[in-house]
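The values are calculated or read from the model by the stated rules, or taken from the named source; none is laboratory data. Here the structure is a predicted model, which is why all the values come from computation and not from measurement. Note that each Cβ is placed from the backbone with ideal geometry, even for glycine, and that neighbours are counted across all protein chains shown.
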Amino acid sequence: MSDFSVRALPRNVRVLGFVSFLTDASSEMIYPLLPIFLSTVLGAGPAFLGFIEGIAEATASLTKLFSGVLADWFGRRKPLVLLGYSLSTLSRPLIAIAQSPLHVLLIRFSDRIGKGVRGTPRDALIVDTCSVEERGRAFGFQRAMDHMGAVVGPLIGFVAVTWLLLDLRTIFALAAIPGILAVIVIFRGVVDRVPASCVSQSGLGWAGLADNYKYYLLVVAVFALSNSSDVFIILRSKELGFGAGAILLLWTLLHVVKALTSVIGGVLSDRLGRKSLIIAGWCAYGMSYAGFALAGKHWQMIFLFAFYGLYFGCTEGVERALVADLVPDERMRGRAFGFYHFVIGIVALPSSLLMGVLYARFGALMAFGSGTVLSVLSILLLIPLKVPRKNT
């Protein structure tokens, strides 16, 4: 049971977990309602939804690459973490006053820049402050807290929509409150740690990274091409007759499963190996997408939302822990996470665009089916990856 203990984790890991909780409570008050807002209030179609989310995630990932390099050069993580969370907190509630899909695109662009600035230094800081043996558990805890926030946010939105009868714009404005609290917690609670020595070399440092790490990024890129924005499973739910309140509950269910399985997945990766857990998670992803393609009844979508959560529990924290395993030099840690996030996000644009176009022209079967095929290909590519013996 000690493997699942939260108290034993370093203070920074626990504080950053609470920050993730508050931030996701803020963002997930908005995100499940955004496709409804864009399609019914602002008149955007599936292809534009894919364009918005693709641009948003590609922006975040490009920013993560450079924030990782800066974190290595300066040897400081906290200032970039604080800056990134502050920018997202300031920009996200502006959706409340958006008058066109273009406005939403610009706001999401600013929000994702904030995510990019904070994400890589935060991951590096987590690795800086925990031992090799607890990396999986540390990242699992951070992801679990993130998903617990994503449980609370939609529940607040559900109460606001169904009981308080608030309009969408008012809910978007209220999302600023937990975001502001998160910034305060970072300022007062996170303690920076300076690595033993800082990287002084110029450039991004790609040449100094190990070949097995680079191959890992290639495999991650193939999987990322299958992993389009989750707005499409929300759109699929709306297509099958779920209303705004019911979609918020589905979204809550998804994040409950994510939160319950993230720490378990991280601990199992410490014991059984990262690659095994990632393969299991990608299998769950492929089966979930096949289910979303074929589902025709409400109970099927409810089951699929829960099952889909297993993919996140097996992979989100574990993939990041594997990055640290493959790049043990702490002087390269920021850029290692930066390249990892960059690859995922830069592929997010063609992934979401492809999903949006396939959905609009051929329907859910072709759109989600393509994701299943690519996930299977990714698993086959991951199998030969050479990883440190402790984490095979």
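Filtered by the rule that a residue be of a type outside the set (G, A, S) and surrounded by fewer than 21 Cβ atoms within 10 Å (Cβ to Cβ), the range 282-300 gives C283, M287, L294, K297, H298, W299, Q300.
For the range 165-199, the candidate set comprises residues that are in contact with a Ser or Thr (Cβ under 9 Å, 6 or more places away or on another chain) and not in a helix (DSSP H, G or I); within that set, the residue that is modelled with the lowest pLDDT is R193.
More than 30 Å from S276 (Cβ to Cβ), of a type in the set (S, T, Y) and within 18 Å of the chain's Cα centre (by Cα): which single residue out of S100, S91, S110 fits that description? Talk me through it step by step, then tell me what you get.
Working: S100 fails: within 18 Å of the chain's Cα centre (by Cα); S91 fails: within 18 Å of the chain's Cα centre (by Cα).
It is S110.
Return yes or no: is V159 free of Cβ contacts under 8 Å to residues at least 24 places away in the same chain, aliphatic (A, V, I, L, M) and either closer than 11 Å to S27 by Cα or assigned to a helix (DSSP H, G or I) (or both)? Let's see the steps before the verdict.
Values: free of Cβ contacts under 8 Å to residues at least 24 places away in the same chain: yes; aliphatic (A, V, I, L, M): yes; either closer than 11 Å to S27 by Cα or assigned to a helix (DSSP H, G or I) (or both): yes.
Yes.
Do any helices (runs of 4 or more DSSP H) entirely within the range 208-280 hold 1 or more residues that are farther than 26 Å from V373 by Cβ and free of Cβ contacts under 8 Å to residues at least 40 places away in the same chain, and if so, which?
Details: elements: 211-226, 231-239, 244-272.
Of the helices (runs of 4 or more DSSP H) lying wholly inside the range 208-280, those with at least 1 residues that are farther than 26 Å from V373 by Cβ and free of Cβ contacts under 8 Å to residues at least 40 places away in the same chain span 211-226, 244-272.
One residue is enough: does the range 295-311 have a residue meeting the conditions modelled with pLDDT of 90 or more and under 30 Å from L209 (Cβ atoms)? Yes, the range 295-311 contains at least one residue that is modelled with pLDDT of 90 or more and under 30 Å from L209 (Cβ atoms).
Taking the criterion of being over 26 Å from R333 (Cβ atoms) and of a type outside the set (K, R), would at least one residue in the range 58-75 satisfy it? Quick ask: steps written out before the conclusion?
Of the range 58-75, the ones over 26 Å from R333 (Cβ atoms) are none.
No - not one qualifying residue is present in the range 58-75.
Does A182 satisfy the condition of being crowded, with 18+ Cβ neighbours inside 10 Å and within 16 Å of S26 (Cβ to Cβ)? Even if it seems obvious, please write down each step before you answer.
Working: crowded, with 18+ Cβ neighbours inside 10 Å: yes; within 16 Å of S26 (Cβ to Cβ): yes.
It is true that A182 is crowded, with 18+ Cβ neighbours inside 10 Å and within 16 Å of S26 (Cβ to Cβ).
Report yes if L82 is surrounded by fewer than 24 Cβ atoms within 10 Å (Cβ to Cβ) and within 30 Å of R188 (Cβ to Cβ), otherwise no. Yes. Would it be correct to say that A71 is buried (at least 18 other Cβ atoms within 10 Å of the Cβ), over 21 Å from T252 (Cβ atoms) and either modelled with pLDDT of 80 or more or in contact with a Leu (Cβ under 7 Å, 6 or more places away or on another chain) (or both)? Yes.
Any residue in the range 7-14 that is assigned to a helix (DSSP H, G or I), at pLDDT 80 or above and within 27 Å of L155 (Cβ to Cβ)?
We begin by selecting, within the range 7-14, every residue assigned to a helix (DSSP H, G or I); these are 11-14.
Filter once more, keeping what is at pLDDT 80 or above: 11-14.
Right, trim to within 27 Å of L155 (Cβ to Cβ) and you get 13-14.
Taking every residue of the range 7-14 in turn, at least one turns out to be assigned to a helix (DSSP H, G or I), at pLDDT 80 or above and within 27 Å of L155 (Cβ to Cβ).
Just to be sure before I move on: is L385 within 30 Å of F66 (Cβ to Cβ) and buried (at least 22 other Cβ atoms within 10 Å of the Cβ) in the structure I sent? It would help to see each step written out before you state the result.
Numbers: within 30 Å of F66 (Cβ to Cβ): yes; buried (at least 22 other Cβ atoms within 10 Å of the Cβ): no.
So L385 fails the test.
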